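Participant: I'd like to ask you about the structure that follows.
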Amino acid sequence: MPAEPSCPPLPGSTRDWWRNAVIYQVYVRSFADSDGDGIGDLDGVRARLPYLRSLGVDGLWLNPFYPSPQHDHGYDVSDYRGVQPEYGTLESFDRLIRDAHRLDLKVIIDVVPNHCSIEHPWFVEALAAGPGSPARARFHFADGQGEYGELPPNNWRSIFGGSAWQRVPARSWGGEGIERSQWYLHTFAAEQPDFNWRHPDVSSYFEDVLRYWLDRGVDGLRIDVAHGLHKADGLPDHEHADHDELTGDPVNPHAWNQPEVHEVWRSWRAIADEYTRRTGRERVLVGEVGLLDTEQLAQYQRPDELHQTFYFEFLRAEWDDEALYDVIDRGLGTIARSGSSVAWVLNNHDMPRSVTRYAGGAPGAGPGDLDLGLARARAAALLMLALPGSSYLYQGEELGLPEVTDLPEHLLTDPMFHRSGGVRRGRDGCRVPLPWRAAHDTFGFSPNGTPGTTWLPQPDWFAEHAADQLLVSGDSMLHLYREALALRHRIPALTSGDLRWLPTEPGVLAFTRGDGFVCVVNCLPRPVCNPVDGALLIASDPEAGDKLPPNSAVWILPPDGT
């Protein structure tokens, strides 16, 4: 039996709240700017909490807001216990937590344990201490190959392109002459050195970081690169590293998914469970685990490890009934079987927006057929929100925002763009600051009348997607999300019923949840007869009825169950 809480839980903070929650991802830098500098901040987030409450989400996840030189916009952390000044202060964060909890919104924050910034005090100390020092043992420093150590220690590739190793300049330590220079490992940008998780200082440090933010009241942590951390002993060459010279190999068996990483999550889960027992508020751990094998993915969310991992296969699936069926069935059959629930994702800060993906567009290659993309994105939203498990929305998804595909190259900030020599456009196009008011400066992102521009430029067509415009349009994407989320809270089958597939014609998906709720999705480019009779609860296309328009979805309550 769990221990009795030492204090009463917050309203709505029941056990297992995360299993069916809808969480809204806030990319702080691009959400809302309170002070007019063109960069989003924590006070801007706090001012928009009523918007999130009215949208109907259960909580928010904040991307990194820690002190950072911003080489990768906060995923290069120099201090894990502070706030980047342009985002606010610790007091700003505390006010945000307090106000969110008053609105019964959970708050999940990002933590980045695989790597830090080159400006982190430990790494600064390691560079100064020199080869063989205890300070360097906290990272992966190694001598190079070749006669003069001029070659990297192994052939691993960075996810952002190029070698995963950076050479440090040779210098004299202790007055003993010039030493042979070493290299350090960075799975991502050179400004993001990887921690050595085999060193006890690293695990102890992050357990303290975890407790620090749990003490400040967060409801959970999203863990960046949760399948990384441990590297294979000896850092051996990867046999197939040259298969993708530009982007690295996401399934490098020596850099990812080492067995020891599960011990880390068992330790963190014990801490989260301790806080749950002590406070009566369940604290959760959500992992970013970039594995393609769903059986392996499910192992990260066993009952004593992470509560959830994002199911990115849903995001990657083509708009095709067979592809969607396979991804959904596989997720429910593996992840849910582990005792957890699936965390469905259609958008995030690392991928082109769904409207553009479904439109056939891409960064640098044009927007594609946006009418088609929007129709499919609307239908996909209803599909996702009807599935068993939780859903993670990315800011602007509810506004129907497409990717900004034509940002000028001289304004691109993503290290992925620069390390790939411009071949990969990077992720800036889904991170452009949000439009709130069509007729205001910076579309309401910054206070009206503020001089200057936003940190990434907003295109003129953002006015069509501004929240104030969509609120007065009855068939807008924003209304679709608000109505679907309201129904999700009202219909018991959407938070408790298992999924059962229904027979349909090719090109159409249909399933029932609980007693009578049905979701039908038409993936075809032509209308089809609606295979289910009953009351229409919501439709992605206003023309839906006896026939389902192309690329549409509906929720139905049949008269006598299905």
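Participant: Quick test of your reading of the structure: Met416 fulfils all but one of (1) in a loop (DSSP other than H, G, I, E, B); (2) surrounded by 17 or more Cβ atoms within 10 Å (Cβ to Cβ). Name the failing condition by number.
Facilitator: Here Met416 meets the rest and fails (1).
Participant: For the stretch 166-178, state whether one or more residues are touching a strand residue (DSSP E or B) at 6+ places or on another chain (Cβ under 6 Å), among the charged types (D, E, K, R) and touching a residue at least 12 places away in the same chain (Cβ under 8 Å).
Facilitator: yes
Participant: Let me ask something else. On the basis of being part of a loop (DSSP other than H, G, I, E, B), of a type in the set (A, V, I, L, M, F, W, C) and out of contact with any helix residue (DSSP H, G or I) (no Cβ under 7 Å at 6 or more places or on another chain), does Leu292 make the cut? Explain how you work it out, then say what you get.
Facilitator: Values: part of a loop (DSSP other than H, G, I, E, B): yes; of a type in the set (A, V, I, L, M, F, W, C): yes; out of contact with any helix residue (DSSP H, G or I) (no Cβ under 7 Å at 6 or more places or on another chain): yes.
Yes: the conditions hold for Leu292.
Participant: Can you confirm whether Arg278 is over 30 Å from Gly360 (Cα atoms), charged (D, E, K, R) and touching a residue at least 60 places away in the same chain (Cβ under 8 Å)?
Facilitator: On the way: over 30 Å from Gly360 (Cα atoms): yes; charged (D, E, K, R): yes; touching a residue at least 60 places away in the same chain (Cβ under 8 Å): yes.
Yes.
Participant: Regarding the stretch 297-308, can at least one residue be identified that is in a strand (DSSP E or B), out of contact with any helix residue (DSSP H, G or I) (no Cβ under 6 Å at 6 or more places or on another chain) and touching a residue at least 12 places away in the same chain (Cβ under 8 Å)?
Facilitator: Within the stretch 297-308 (the criterion being in a strand (DSSP E or B), out of contact with any helix residue (DSSP H, G or I) (no Cβ under 6 Å at 6 or more places or on another chain) and touching a residue at least 12 places away in the same chain (Cβ under 8 Å)), the answer is yes, since at least one residue qualifies.
Participant: Can you tell me which residues in the stretch 488-513 are outside any loop (DSSP other than H, G, I, E, B) and within 20 Å of Ala375 (Cβ to Cβ)? Outline the logic, then answer.
Facilitator: First pass over the stretch 488-513, keeping only residues outside any loop (DSSP other than H, G, I, E, B): 488-490, 493-496, 499-501, 508-513.
Residues satisfying the conditions are Val508, Leu509, Ala510.
Participant: Then there's this: In the stretch 57-108, which residues are among the charged types (D, E, K, R), part of a loop (DSSP other than H, G, I, E, B) and either farther than 22 Å from Ile23 by Cβ or in contact with a Leu (Cβ under 6 Å, 6 or more places away or on another chain) (or both)? It would help to see each step written out before you state the result.
Facilitator: The initial filter retains those residues of the stretch 57-108 that are among the charged types (D, E, K, R), namely 58, 72, 76, 79, 81, 86, 91, 94-95, 98-99, 102, 104, 106.
Adding the requirement that they be part of a loop (DSSP other than H, G, I, E, B) leaves 58, 72, 76, 79, 81, 104.
Scanning the stretch 57-108 gives Asp72, Asp76, Asp79, Arg81.
Participant: Being over 26 Å from Gln70 (Cβ atoms) and either over 17 Å from the mean Cα position of the chain (by Cα) or not in a helix (DSSP H, G or I) (or both) narrows it down to one of Leu393, Leu407, Leu401, Leu383, so name that one. It would help to see each step written out before you state the result.
Facilitator: Working: Leu393 fails: over 26 Å from Gln70 (Cβ atoms); Leu407 fails: over 26 Å from Gln70 (Cβ atoms); Leu401 fails: over 26 Å from Gln70 (Cβ atoms).
Among Leu393, Leu407, Leu401, Leu383, only Leu383 is over 26 Å from Gln70 (Cβ atoms) and either over 17 Å from the mean Cα position of the chain (by Cα) or not in a helix (DSSP H, G or I) (or both).
Participant: From the residues in the stretch 272-288 that are of a type outside the set (Lys, Arg) and assigned to a helix (DSSP H, G or I), which one is farthest from Val261 (Cα to Cα)? Before the answer, list the steps.
Facilitator: At the first step, the residues of the stretch 272-288 found to be of a type outside the set (Lys, Arg) are 272-276, 279-280, 282, 284-288.
Remaining after also requiring assigned to a helix (DSSP H, G or I): 272-276, 279.
Values: Ala272: 17, Asp273: 19, Glu274: 20, Tyr275: 22, Thr276: 23, Thr279: 28 Å.
The qualifying residue farthest from Val261 (Cα to Cα) is Thr279.
Participant: State whether the residues of the stretch 244-262 include one that is more than 25 Å from Leu210 (Cα to Cα) and not in a loop (DSSP other than H, G, I, E, B). Before the answer, list the steps.
Facilitator: Taking the stretch 244-262 and keeping what is more than 25 Å from Leu210 (Cα to Cα), we get 244-254.
Narrowing the set further to residues that are not in a loop (DSSP other than H, G, I, E, B) leaves 244.
Yes; the residues of the stretch 244-262 include at least one that is more than 25 Å from Leu210 (Cα to Cα) and not in a loop (DSSP other than H, G, I, E, B).
Participant: Limited to the stretch 533-549, what total is found for residues that are assigned to a loop (DSSP other than H, G, I, E, B) and surrounded by fewer than 18 Cβ atoms within 10 Å (Cβ to Cβ)? Before you say what the answer is, go through the steps one by one.
Facilitator: Filtering the stretch 533-549 down to residues assigned to a loop (DSSP other than H, G, I, E, B) leaves 533-534, 540-546, 549.
Filter once more, keeping what is surrounded by fewer than 18 Cβ atoms within 10 Å (Cβ to Cβ): 533, 542-543, 545-546.
Of the residues in that region, 5 qualify.
Participant: Tell me the residue from Thr442, Thr450, Thr454, Thr512 that is surrounded by 14 or more Cβ atoms within 10 Å (Cβ to Cβ) and farther than 30 Å from Asp33 by Cβ, please. Full working, then the answer.
Facilitator: On the way: Thr442 fails: farther than 30 Å from Asp33 by Cβ; Thr450 fails: farther than 30 Å from Asp33 by Cβ; Thr454 fails: farther than 30 Å from Asp33 by Cβ.
The match here is Thr512.
Participant: Let me ask something else. So Leu478 ticks every box in (1) surrounded by 14 or more Cβ atoms within 10 Å (Cβ to Cβ); (2) touching a Pro at 6+ places or on another chain (Cβ under 6 Å) but one. Which box is left unticked?
Facilitator: Leu478 satisfies every listed condition except (2).
Conditions (1) at pLDDT 95 or above; (2) more than 27 Å from Trp265 (Cβ to Cβ); (3) surrounded by 21 or more Cβ atoms within 10 Å (Cβ to Cβ), marked per residue:
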residue	(1), (2), (3)
Arg102	yes, yes, no
Ala126	yes, no, yes
Gly130	no, yes, no
Pro134	yes, no, no
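The values are calculated or read from the model by the stated rules, or taken from the named source; none is laboratory data. The structure presented is a predicted model; accordingly, all values stated were derived computationally and were not measured. Counting neighbours? That spans all protein chains shown, and the Cβs are built from the backbone with ideal geometry, glycine included.
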